[in-house]
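Here, each number is a calculation from the coordinates, and none is a lab measurement. The shown structure was predicted, so the numbers you read here are calculated from the model rather than taken from an experiment. Reconstructed Cβ throughout: ideal geometry from the backbone, glycine too, with neighbour counts over all protein chains shown.
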Amino acid sequence: MTILLTGFTPFGKVAVNPSQLIVAQVAARREPDVITAVLPVEYAASGRSMAELIRIYQPDAVLCLGVAANRQAISLERVALNLDDAVLPDNAGDQASGRLILPDGPLAYWSTLPLEAMLAALHARGLPAVISNHAGAYVCNHVFYVARHTLDRMDSRAACGFVHVPALREGDDTNGLPLAQMVEAVDCCLNVLRNL
Ligand code: PCA
């Protein structure tokens, strides 16, 4: 089995993106069934990279990670919207307002990750996790939508979805989660995918 695991670079006020650190830790273990990539926080470039990665590696599962600094729990996203819309420009200066990702694409795609099984596995380890109804309309949602669309067009039945992690907890912070817990959470999700 091949699992594609992605994270993102820093953007906006996020100087260190925990999703990038998680992906780096998993990559360092060189597990034969996991392919990792860190995507730019740019609508166009991230979408192109994601589509290319899927076409090249034909993964059996795609787990995309990003940070949502205002969340306190690991958030398993339910839906990807066909919409780019955020006040914050992306790292290429593209500020999207009410723009369709794919003019001919469906309004939304469901996550095809086993959300309930992942939630149960995370809770069984005592990790804070919730199912969230959607991933916003910034670059994370964009990548999620493009990933699902690319697989759909390939008639792939790969499980694919997006998980937002909270801000990185450092020092005396009470906000967010420590990196070790986030890595544990992602490992837990990877194991659920391996057992599909
Ligand atoms: N979070 C942003 C984009 C990159 C990331 O890690 C988002 O939630 O859209």
Report summary line: With a ≥ b ≥ c from the Cα gyration tensor eigenvalues, square-rooted, and the rule rounded for a/c under 1.5, otherwise prolate when a/b > b/c and oblate otherwise, segment 78-137 is oblate
Query raised in the report: How far apart, in nm, are the 7 Å Cα→Cβ label points at residue 130 and residue 94?
Result: 3.0
**Report entry** Convex hull per residue volume in Å³, alpha carbons only, for segment 44-119
**Finding:** 123
Requested in this report: Please report, in debye to the nearest 20, how large the charge dipole of the chain is about its Cα centre when each Lys and Arg carries +1 at its beta carbon and each Asp and Glu carries -1 there.
Outcome: 200
Report summary line: Magnitude of the Cβ-charge dipole (Lys and Arg +1, Asp and Glu -1) of segment 100-196 about the Cα centre, nearest 20 debye, reported as 260
Report summary line: Residues meeting the amide H criterion for residue 8 (H placed from the backbone, H to H distance under 5 Å, 5 or more places apart or on another chain) are 19, 20, 39
**Report entry** Distance from segment 60-97 to segment 121-139 (C-alpha centre basis), Å
**Finding:** 13
Report summary line: Here, residue 85 and residue 57, labelled 7 Å along Cα→Cβ, have an inter-label distance in nm of 3.2
Query raised in the report: For labels at residue 104 and residue 180 in the simple 7 Å Cα→Cβ model, what's the distance in nm?
Result: 5.2
Query - Selection from 185, 124, 20, by position along the positive dipole direction of the chain (Cβ) - result: 124
Report summary line: Heads up, segment 43-196 by the C-alpha gyration tensor (a ≥ b ≥ c square roots of eigenvalues; a/c under 1.5 rounded, else a/b over b/c prolate, else oblate) looks oblate
Query raised in the report: If you take the square roots of the eigenvalues of the alpha-carbon gyration tensor of segment 1-49 and sort them as a ≥ b ≥ c, do you get rounded (a/c under 1.5), prolate (a/b over b/c) or oblate?
Result: oblate
